[in-house]
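Just below is one structure, and these are the notes that go with it.
The values are calculated or read from the model by the stated rules, or taken from the named source; none is laboratory data. Please read these numbers as outputs of a predicted model, since none were measured by experiment. Cβ atoms come from the backbone with ideal geometry, glycine included; neighbour counts cover every protein chain shown. Protein only, heavy atoms only, side chains kept; ligands, DNA and RNA dropped before computing areas. Shrake-Rupley method; radii C 1.70, N 1.55, O 1.52, S 1.80 Å.
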Amino acid sequence: MLAKVVRDGVCELTLTSAKTRNALSLDLIRELQETFSALHDDRSVRVVVLGAEGPAFCSGHNLKEMYAAREACTGGDQVLSSSPGAVELKTTFDECSQLMQSVLYLNQPVIAKVNGIATAAGCQLVATCDLAFASPKPSVNIGLFCTTPGVALSRAVGRKQAMHMLLTGDMVSAQEAVAIGLLNDIVDEADLDAHVSALAARIATKSPTALRIGKRAFYEQLDRPVPAAYAFASRIMWENAMAEDARRGIGAFLAKATPTWQE
């Protein structure tokens, strides 16, 4: 369901369940969670690229799996919240939410490479990644009021745009997704792999310490009032300046040399 290749500091993850349009079954959610957990403290990996095989980047939750679980929730005429099916549904949503947070708080930046539709929790995954690039053909939607995907969506695009997508479930083209800030850019399909690989390689040359500290600080300051955000950011800047990689980077710049980062 998930292929992994690590090369020159870049980890390429590929969803390989093309027949199910890379739907987020509970098994795939757990495989992704296990993979991101292992990557979190892997200093040899500096950037993660998430792509997919087939016509869909990710179609969201596995509806056949969810329907079977929902059907198992009944006991005669009653809906039993304690039934195995109900527990499975809750587990799926809880673990998917944990997966999205693992992507958000991963030490390494994550780039989504989108060459197919991304709907519901698949759109949530795109919105959660730090950067996202797509070919012209994909479209995205969030589903008709998907509340957990709305968490990521509302933090990636403007409030009015997020509400429009949540209330209507309308498909949004790649061009519209760039305009509202859900995607960084559109790249010709033939050039998408090379474009994302080049960007990942460029980011991978940066200090892993700076990438880790910077990504965490960016998201942590967003929800703070401006004075508190500046106080927090100033402290992080000081911590970053005190790190060994800062000494190496500044020294290399002054010497007009290429820095060698601390692993």
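Could you compute the FRET efficiency for His195 and Ser234, with r as their C-beta to C-beta distance and R0 at 51 Å, rounded to 0.05? Write down the numbers at each step before the final one.
Values: r = 35 Å, r/R0 = 0.69.
Efficiency, from the Cβ-Cβ distance: 0.90.
Would you mind telling me the share, in percent, of accessible area of segment 104-207 contributed by carbon and sulfur at probe 1.4 angstrom?
The nonpolar share, carbon plus sulfur, comes to 56 percent.
Roughly how many percent of the accessible protein surface of segment 208-255 is carbon and sulfur, given a 1.4 Å probe and a whole-percent answer?
That fraction is 68 percent.
Return the single residue from Leu125, Leu222, Leu15 with maximal mean-square fluctuation; model: Gaussian network over the chain, springs between Cα atoms under 10 Å.
Leu222
Sequence gap of 8 or more, or different chains, plus Cα separation below 23 Å: how many lysine pairs satisfy both in the chain?
Lysine pairs meeting both conditions in the chain amount to 13.
Could you state the angle between the C-alpha long axis of helix 84-104 and the longest principal axis of the C-alpha atoms of the chain, as a value from 0 to 90 degrees rounded to the nearest 10?
20
Let's test the formula: R0 of 30 Å, r as the Cβ-Cβ distance of Glu71 and Ala18. What FRET efficiency results, to the nearest 0.05?
Calculated value: 0.70.
Taking the chain as the reference, fit the longest principal axis to its C-alpha atoms, fit the long axis of helix 159-168 to the helix C-alpha atoms, and give the angle between the two in degrees, 0 to 90, nearest 10.
The answer is roughly 30 degrees.
Taking a probe of 1.4 Å, how large is the accessible area per residue of the chain, in Å²?
Per-residue value: 53 Å².
Would you please classify the overall shape of segment 182-263 from the alpha carbon gyration tensor, given that a ≥ b ≥ c denote the square roots of the eigenvalues, rounded means a/c under 1.5, and beyond that prolate means a/b larger than b/c while oblate covers the rest?
Because a/c hits 1.5 or more and a/b fails to exceed b/c, segment 182-263 counts as oblate.
How large is the Kirkwood hydrodynamic radius of the chain, in angstrom, based on all distinct alpha carbon pairs?
Over the chain, the inverse of the mean reciprocal pair distance is 19.7 Å.
Where the accessible area of segment 16-86 is counted over protein heavy atoms with a 1.4 Å probe, how much of it, in %, is carbon and sulfur?
Carbon-and-sulfur percentage of accessible area, whole number: 51.
If you count, for each residue, the other Cβ atoms within 10 Å and average over each peptide, how do 243-256, 52-65, 168-181 line up from highest to lowest?
52-65, 168-181, 243-256
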